[in-house]
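Only one structure is covered here, and it is reproduced in the block below.
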Amino acid sequence: MKKYLYILFPTLFLTAFTILVACSNVDNLVLSIMPKSYYIVEEQYQNQSFDVEIFSNLDKSFFSDIVQIEEVYIKDQAESNLIELELKSINKESSKIEINGKKHYIFIFNFCVNTNINSTEPFEIKESFLSLEYLNGKILDLKIGNFTYTRVTHIGSSNDDISVSHILGVKNTINQIDTLAGIEFELENRSSSTIRLNSVNSLDRNISFSLRNTISPSVVESPKQDVSDILSKDYDFFSDEQFLNLDYYIASGETLSFFIPIKYDELYKTNKLAFIINFEKQGLPGKIIFDNFLFFRDFSISLSEKSMIESYLYDFN
């Protein structure tokens, strides 16, 4: 009997050791994110939400377990600027994305600003980080791009004198990134007086409109037409230019079509934008404010764009 026990004990020990090693050998967590330009535009503190798309090599982990997340905020690298967020939901997409030859799961984190930023000037954090603090003591800091919060007087038109009857976003490939390159507008004067169009301004601090390259009437033939072809000249999406007012007049009951290319301070893949159309009638100013206009839904990531993805390896073994 003792002989059998001597043989059995080493076998049990090796089995237990194998199970212990297998259980402790947890896969490393790899998180990836495509930096973008995020912004909130609202009339007052309204808990407007926004989404952050995060890619994970693990289907299930503490990272995507909403009950494990204790605090969330956006900050700069020096942590001198910090905005507290509220995490509303986490959803996993049915599709996957391949990064560095490996399949990753796509998680959509939905947040709202949990801080009343009471300022008439846009509040901006360039090169911002999303910080996720967990109940297990882990802190995950992910570089997400630019973040801007803007408080405006109203959303939509300040009166019924003018309406936007048509908007079309033109998408180009800029430095191997498919992104918004310009916008075609059509405005209708519904008033009994002539209206002057003064300017179109972006509420995304990373993007501006090249008003000196505005053409009217618009000659856009396709939403994928090259901006240089539309303007009939070479166009630089990054060069600085001095501010310029528009000087277009729309008679009563008439419409005006025009195309404005955009410029990037830093290039991020962009498919939506907030902007203001400024006009005046009989010397009185007016404006139309678009808080988050979606120009196209095709937001897939091409092979060349994947080089922009930031990846983070977390070894918790």
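Where a number appears in this text, it was derived from the coordinates with a stated rule and is not lab data. Please read these numbers as outputs of a predicted model, since none were measured by experiment. Neighbour counts run over all protein chains shown; Cβ positions are idealised from the backbone, glycine included.
General remarks:
- Residues with amide H under 5 Å from that of Glu43, placed H, sequence gap 5 or more: Val152
- Degrees between helix 2-24 axis and first principal axis of the chain (Cα, 0 to 90, nearest 10): 10 degrees
- Correct choice for Rg and Dmax of the Cα atoms in Å that was computed from the model, options (i) 28.4, 108; (ii) 25.8, 108; (iii) 21.1, 67: (ii)
- Normalised by the number of residues in segment 43-105, the mean separation of alpha-carbon contacts (under 8 Å, six or more apart) gives a relative contact order of 32 percent.
- Amide H contacts of Leu29 (H built 1.01 Å from N, in plane; Pro and chain starts excluded): Tyr314, Phe316 sit under 5 Å, all sequence-distant by 5 or more or on other chains.
- The longest part of the chain holding none of the exposed loop GluC sites (Glu not before Pro), meaning those outside H, G, I, E and B in DSSP with at most 14 other Cβ atoms within 10 Å, is 80-220.
- Lysine pairs meeting the criterion (Cα under 30 Å, 8 or more apart or interchain), as found in segment 156-294: 20
- Exposed-site-free run, longest, the chain (rule: chymotrypsin sites (Phe, Trp or Tyr not before Pro); DSSP loop; at most 12 other C-beta within 10 Å): 1-237
- Segment 47-82-segment 263-317 distance, computed between alpha-carbon centres (Å): 20 Å
- Cleavage-rule hits (trypsin sites (Lys or Arg not before Pro)) in segment 263-317: DSSP loop, at most 12 neighbouring Cβ within 10 angstrom: Arg297
- Reported to the nearest whole Å, the Cα centre-to-centre distance from segment 115-170 to segment 197-226 is 21.
- One compactness figure for segment 139-263 is 1.20, namely its Cα radius of gyration divided by 2.2 N^0.38 Å.
- Vicinal HN-Hα couplings computed from phi for segment 91-97 (Karplus, 6.51 cos²θ - 1.76 cosθ + 1.60; Hz; Gly/Pro x): 10, 9, 6, 6, 8, 10, 10
- Distance (nanometres) between label positions extended 7 Å along Cα→Cβ at Tyr249 and Asp51: 4.6 nm
- Amide H contacts for Asn114 (H built 1.01 Å from N in the peptide plane; partners 5 or more residues away or on another chain; cut-off under 5 Å): Glu84, Leu85, Glu86.
- Eligible aspartates and glutamates near Lys138 by straight Cα distance, threshold 14 Å, same-chain separation 8 or greater: Asp65, Glu70, Glu71, Asp315
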